[in-house]
Amino acid sequence: MLGAAALVGFSAMRSGAGLTTIGVAKSLNLTLQKKISNVIMTLPLLETTEGTIAVKAFDVLARNWKKYSAVAIGPGMTMCASTVTFIQKMYANCPLPMIVDADALNALALTGKLVRKSSAPRILTPHPGEMARLTGLSKKTIEADRKEIALKYSKEWRCVVVLKGHRTAVASPDGEFYVNTTGNAGMATAGSGDVLTGMMGAFLAQKIEPFEAAKSAVFFHGKAGDLAAQGRSKASLIASDIIIHIPLVLK
């Protein structure tokens, strides 16, 4: 799903990343280049027969960690078996700070022990459905006690947890907690979470501490959505409208 990758890249650039590179299955590289801005680079990666990123792509990236400051993984990647293994290897072994979203969360849910094992700071960004798959709890249980659930699993997984939804909750392994007050119902639209992932990735790349990067991104993301809704209405808001307003809220 190349639109997801494009939104992450656009958002990262608008949020202060000096350089952004999108890793993509090599047969889709030219198509992605037509979707994105000329200020975003692409990196063609080894692919599966289904046209998704293959596990062998990890070895290519592992030789080039020094080129990057942070990684965002998951949006649009699909759950092809080889891609799932690639995601799991990235989570456990990549030495860079990482935002984990979308299909990457679903890949981690297939092996709960992996969530507790990583080599660098991680920020997990599940919505209640993804959190249910990661924890084995029901969505009803999660929604009934969002603060305690976020804090419990942030400590257990040793990572920052961003439990998305109305009043998004951000928890750190040290017990820090933040509830966001910006945002509106119009942001429940395709690609909104990808924009948030791009913002967090950019903030991590600027050496902002993970909990601060997460809560700041959540706040500015919601504020940009509020500004977008003022000019376009909640009903007509789309993800790219949020990106357009990122420079205004950062200013």
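Structural remarks
- With the simple spin-label model, which puts each label point 7 Å out from Cα in the Cβ direction, the ALA81 to ARG232 separation comes to 4.1 nm.
- Pairs beyond 20 Å (Cα-Cα), from LYS35/LYS234; LYS223/LYS251; LYS66/LYS89: LYS35/LYS234
- Per-peptide average of other Cβ atoms within 10 Å, ordering 61-68, 92-99, 204-211 highest first: 92-99, 204-211, 61-68
- Of the beta bridges in the chain, as assigned by DSSP with both residues counted there, near 35 percent are antiparallel.
- For LEU250, net neighbour charge (Lys/Arg +1, Asp/Glu -1) across residues whose Cβ lies under 11 Å away: +3
- Each helix, a run of at least 4 DSSP H residues, gives -39500 (n - 2.57); summed and divided by the residues of the chain, these come to -14500 deg cm²/dmol at 222 nm.
- Selected from ILE40, ILE123, ILE73 as most flexible by GNM, with the chain as the system and alpha-carbon contacts under 10 Å: ILE40
- Cut-off 15 Å between beta-carbons: net charge of the residues surrounding ALA109, Lys and Arg +1, Asp and Glu -1: +2
- DSSP H segments from the chain that extend 30 Å or more along their own axis, Cα-based, with Kyte-Doolittle mean of -1.0 or above: 210-232
- Computed over neighbours whose Cβ is under 12 Å from that of ALA169, the net charge equals +2, Lys and Arg +1, Asp and Glu -1.
- Relative contact order (percent, whole number), the chain, Cα cutoff 8 Å, 6+ residue spacing: 19 percent
Read-outs: derived from the displayed coordinates by stated rules, not from any lab. Please read these numbers as outputs of a predicted model, since none were measured by experiment. Cβ sites come from the backbone with ideal geometry, for glycine too, and all protein chains shown count toward neighbours.
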